[in-house]
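Please read the structure below before turning to the comments.
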Amino acid sequence: MLQRIKRIVSQIQCKLDFTPEIGVVLGSGLDSIYESVDVAKTIPYSELEGMPISTAPGHVGQFIFGYISSRPVVLMRGRIHSYEGYSTAETTIPIRVMALLGIKYLLLSNAAGGVNPNFSVGDLMLITDHINFIPNPLIGPNIEEFGPRFPAMGSAYDKKMMVLAEEEAAAMGITLRKGVYVSLTGPSFETPSEYNFVRIIGGSAVGMSTTPEVIVASHMGLKVMAVSLISNVAFSPVEVSHEEVLRQSKISSAKMSNLFRRVISRL
Ligand code: HPA
């Protein structure tokens, strides 16, 4: 795995001379931050031997290198999910790659189902903590070069970045919810009893991604911030669908990107 990751890094370094400071993962339909990037280079995952390829609708599958508010960034336009058939050690390869390229901060977005009864469709939720039910990406031999065998997860979400997000949301005049993100593998959405379970165990929102990425980022010492777009709410008479998730994400994509752009400018 270490060799595979290093090979991807060197293929990228052969294509461009660029040291990103900040990595951004764009969740389902949350593409509009791409429009605020002063793009230096786009590399499709398919051009990189050893990269897992995104197959989920709404995930383009490109690294975008460039600048947001004059800060060097790399965007993952399209993430990889374990429901696509990859192991979580594989779905998190791009996070390892971005860390080896030099990022110190990682900002993640996703679409999630709200289980907190106070949440509404279109809300943004700052993830303050998670409960991971997707197989842990660190299972297998530990790569000492990346981090310790038993990394602590007590501060996986960076407190200072959370404060920045709250300040910037207030300056934008938007409500930023806070809560615990629970990840399940998908790809089926939850049954009513599963949504209820997520609520009972302390979750505010549920989704199919993000937590493996946060675990490897934290393992490598990156500072992490993550925000969910509440694309649907549990216990609604309207049945959830991926099309509706994408539609709601598109509607709120600009709000998410503005928040990210503002936080990035203050890092
Ligand atoms: N459940 C799981 N994943 C999701 C949901 C949901 O309700 N909405 C968006 N991603």
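Model label sites at Ser10 and Ser236, defined 7 Å from Cα along the beta-carbon direction, differ in position by 4.9 nm. Note that the range 258-267 has calculated 3J(HN,Hα) couplings of 4, 4, 4, 4, 5, 5, 4, 5, 9, 7 Hz, one per residue in order, obtained from phi through the Karplus relation 6.51 cos²θ - 1.76 cosθ + 1.60 (θ = phi - 60°); glycine and proline are x.
Given R0 = 51 Å, the distance between the Cβ atoms of Val39 and Asn118 translates into a calculated FRET efficiency of 0.85.
Annotation: for a label point projected 7 angstrom from Cα along Cα→Cβ of Glu49, residues of the range 8-22 with backbone N closer than 19 Å are 8-16. What does the C-alpha gyration tensor say about the overall shape of the range 144-208? Classify as rounded when a/c is under 1.5, otherwise prolate if a/b is larger than b/c, or oblate. Judged from the Cα gyration tensor, the range 144-208 comes out oblate (a/c at least 1.5, b/c at or above a/b). Within the range 71-206, DSSP assigns beta bridges of which about 15% are antiparallel (rounded to the nearest 5).
Here the extension length gained between Met1 and Ser70 equals 21.5 nm, from 0.36 nm per residue of separation less the Cα-Cα distance.
Length gained on full extension, Phe133 to Arg149: 3.8 nm, using 0.36 nm per residue less the C-alpha separation.
Taken over the chain, lysine pairs spaced eight or more positions apart, or on distinct chains, with alpha carbons under 27 Å apart number 27. Here the Kirkwood formula, the inverse mean of 1/r across different C-alpha pairs, assigns the range 2-266 a hydrodynamic radius of 18.3 Å.
Rule-based calculations on the coordinates, nothing more; no lab input. Note that the coordinates shown come from a computational prediction; the quantities given were computed from them, not determined experimentally. Glycine gets a Cβ as well: all are built from the backbone with ideal geometry, and neighbour counts include every protein chain shown.
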